[in-house]
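This report concerns only the one structure given below.
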Amino acid sequence: MQKIILKDNQLQVSDFPVIPFIEGDGIGKDIWPAARSVMDQAVEKAYHGQRRIEWKEVLAGEKAFLQTGSRLPEETMNAFKEYLVGIKGPLTTPVGGGIRSLNVALRQDLDLYVCLRPVRWFRGVESPIKHPEKVNMVIFRENTEDIYAGIEWMQGTEEAQKFYHLLESEMNVKKVRFPKTSSFGVKPVSVEGSERLVRAAIKYALKNNLPSVTLVHKGNIMKFTEGGFKTWGYALAEREFADEIKSGKLVIKDVIADAFLQNTLLKPEDYAVIATLNLNGDYISDQLAAMVGGIGIAPGANINYQTGHAIFEATHGTAPDIAGKQIANPSSLLLSGVMMLEYLGWNEAAGLIEKAMETTFLSGKATGDLARFMKDGHTLSTKEFAAELNANL
Ligand code: NAI
């Protein structure tokens with residue numbers, strides 16, 4: 001049993017790494033045991049006992065609140081800091097002022113600046129588009145800046161008035177159409193923030209032999225924020241990856257966000273790795289997920305490539321409407337586990353799971369959310385679906 005560490009910018013993974021996990025609220029109780037059993041079996045099948053994940057449960061959300069009185073105990077944060085790599089089920093965001101979203105807290109405290117979302121289609125899964133097999137992209141969404149920084153003031157407040165006064169009197173801004181009833185938001189986008197995101201996207205493309213990185217932005221309108229992202233992205237690529245670009249190994253291109261959304265439907269094969277800002281990334285992730293079968297099977301990860309910290313997660317929420325019924329689809333969490341195995345360099349185990357999923361979907365077997373759209377679809381419970389995957393490994 002050993003901790004994963006980062007040495008000389010390389011992840012050092014022992015054969016029996018300790019990996020903390022958060023089961024998650026709501027359907028977490030259904031999908032975590034299912035996803036874990038498939039990950040464990042795949043690792044066993046791939047390495048015959050030479051490698052094994054030593055899972056370490058850490059508490060967050062409702063389970064943590066009941067046992068410790070805190071929704072995100074210090075111990076949990078410390079475990080993710082110490083062990084570098086972790087995985088989590090969905091967590092409830094309590095409604096009401098003053099309580100920070102747990103997901104946001106983890107991202108901010110560990111400075112997980114990349115939100116990584118691979119989007120691929122599995123044969124057998126119904127899609128609303130004609131050629132889902134052409135969709136194979138990896139989205140690098142900036143995770144710490146943009147309007148998500150939460151710098152906003154409500155119309156009518158003293159702060160909004162003060163801010164407007166600053167704009168008008170000191171910055172000579174005369175363009176606010178309805179100054180008395182306007183709310184204001186600030187969108188910070190920095191050189192460092194853009195560069196580290198684009199660098200991560202380019203390194204990923206090179207490592208995985210992918211042909212292009214596309215910078216998606218709205219720089220025609222927001223010239224210094226989104227336009228800055230594009231300019232700084234290109235400059236970084238030319239400065240740090242000149243040889244790869246010159247040799248034709250990698251193409252860096254850019255596209256305006258609205259055109260990109262259109263193009264993903266018309267010619268998705270044009271895109272491989274996408275590097276984009278926080279808000280664009282939010283819209284893009286959901287559209288692309290829908291194109292390959294929906295949010296129920298879309299995985300994600302939040303990563304800081306400089307420190308090695310990474311938290312892999314299901315992208316959907318806690319689905320309280322179906323929690324505890326053994327009908328939830330564990331695929332999103334399981335595929336985030338596949339991403340985690342790849343991050344560890346355990347590609348054989350990751351590949352086994354992907355193949356087993358395809359075999360299972362091709363036989364028309366899935367949880368109800370997917371099976372009901374399949375021709376001759378056969379609905380399985382969460383547990384039965386996991387058992388089927390294990391049998392197909
Ligand atoms: P949701 O994703 O939980 O549910 C939306 C719809 O999708 C529901 O009909 C649900 O039954 C269905 N669904 C979601 N995951 C599914 C799965 N694995 N299999 C089958 N069906 C599935 O979104 P909602 O209802 O907006 O949020 C519920 C709670 O989850 C909130 O407290 C929210 O804050 C939290 N949340 C947490 C996230 C996270 O931890 N990363 C992300 C999104 C929401």
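The values are calculated or read from the model by the stated rules, or taken from the named source; none is laboratory data. These figures come from a predicted structure and were not determined experimentally. Note that each Cβ is placed from the backbone with ideal geometry, even for glycine, and that neighbours are counted across all protein chains shown. Note: accessible area is taken over every heavy atom of the protein model, side chains too, but ligands, DNA and RNA are not part of it. Shrake-Rupley method; radii C 1.70, N 1.55, O 1.52, S 1.80 Å.
Below is a table of values for the structure above.
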{"item": "Trypsin sites (Lys or Arg not before Pro) restricted to segment 141-202 and DSSP loop, no more than 13 other C-beta within 10 Å", "result": "Lys174, Lys175, Arg177"}
{"item": "Gained length - Lys130 relative to Thr157, 0.36 nm times residue gap less alpha-carbon distance", "result": "4.7 nm"}
{"item": "Qualifying trypsin sites (Lys or Arg not before Pro) in segment 21-79, DSSP loop, other Cβ atoms within 10 Å at most 15", "result": "Arg52"}
{"item": "Efficiency of FRET between Lys223 and Lys3 - r from beta-carbon atoms, R0 41 angstrom, step 0.05", "result": "0.35"}
{"item": "Per residue solvent-accessible surface (Å²) - the chain, probe of 1.4 Å", "result": "48"}
{"item": "Segment 186-334 shape via C-alpha gyration tensor axes, a/c threshold 1.5", "result": "prolate"}
{"item": "Among beta bridges that DSSP assigns inside the chain, antiparallel share in %, nearest 5", "result": "45"}
{"item": "Cβ-placed point charges (K, R +1; D, E -1), dipole of segment 221-371 about Cα centre in debye, nearest 20", "result": "60"}
{"item": "Mean residue ellipticity (222 nm) of the chain, computed from DSSP H runs ≥ 4 via -39,500 (n - 2.57), nearest 500", "result": "-12500 deg cm²/dmol"}
{"item": "Reachable lysines from Lys203, criterion Cα separation under 21 angstrom, eight or more residues apart if same chain", "result": "Lys7, Lys230, Lys246, Lys249, Lys253"}
{"item": "Calculated FRET value between Glu75 and Ala149, using beta carbons and R₀ = 25 Å, to 0.05", "result": "0.35"}
{"item": "Label-reachable residues, segment 133-150, where backbone N falls under 11 Å from a point 7 Å from Gln108's Cα toward its Cβ", "result": "149-150"}
{"item": "FRET efficiency estimate (nearest 0.05) - Cβ-Cβ, Leu206 to Lys180, R0 41 angstrom", "result": "0.20"}
{"item": "Check: the chain dipole with +1 on Lys, Arg Cβ and -1 on Asp, Glu Cβ, in debye", "result": "560"}
{"item": "Carbon/sulfur fraction of accessible area - segment 175-214, other protein chains in place, 1.4 Å, %", "result": "57"}
{"item": "For segment 278-371: rounded, prolate or oblate by the Cα gyration tensor [a/c cutoff 1.5]", "result": "oblate"}
{"item": "Shape of segment 50-162, Cα gyration tensor, a/c cut at 1.5", "result": "oblate"}
{"item": "Charge dipole (debye, nearest 20) of segment 85-178; +1 at Cβ of Lys and Arg, -1 at Cβ of Asp and Glu", "result": "580"}
{"item": "Net charge contributed by nearby residues that have their C-beta within less than 14 Å of Ala371 (K/R +1, D/E -1)", "result": "-2"}
{"item": "Amide proton proximity set for Asp254, modelled H, under 5 Å, gap of 5+", "result": "Leu215"}
{"item": "Stretch gain in nm, segment Leu166-Asn263, where the contour uses 0.36 nm per residue and the Cα spacing is subtracted", "result": "30.9 nm"}
{"item": "Segment 201-247: chymotrypsin sites (Phe, Trp or Tyr not before Pro) in DSSP coil with no more than 11 other Cβ atoms inside 10 Å", "result": "Phe224"}
{"item": "Using θ = phi - 60° and Karplus 6.51 cos²θ - 1.76 cosθ + 1.60, couplings along segment 31-37 (whole Hz; Gly, Pro as x)", "result": "7, 5, x, 5, 5, 4, 5"}
{"item": "Cβ-defined net charge surrounding Gly26, 10 Å radius [Lys, Arg +1; Asp, Glu -1]", "result": "-3"}
{"item": "Square roots of five times the Cα gyration tensor eigenvalues for the chain, Å", "result": "35, 26, 23"}
{"item": "Simple spin-label estimate for Lys355 and Ala235 in nanometres, 7 Å along Cα-Cβ", "result": "4.7"}
{"item": "Helix 347-362 axis, angle to the chain major axis (alpha carbon atoms, nearest 10°)", "result": "80"}
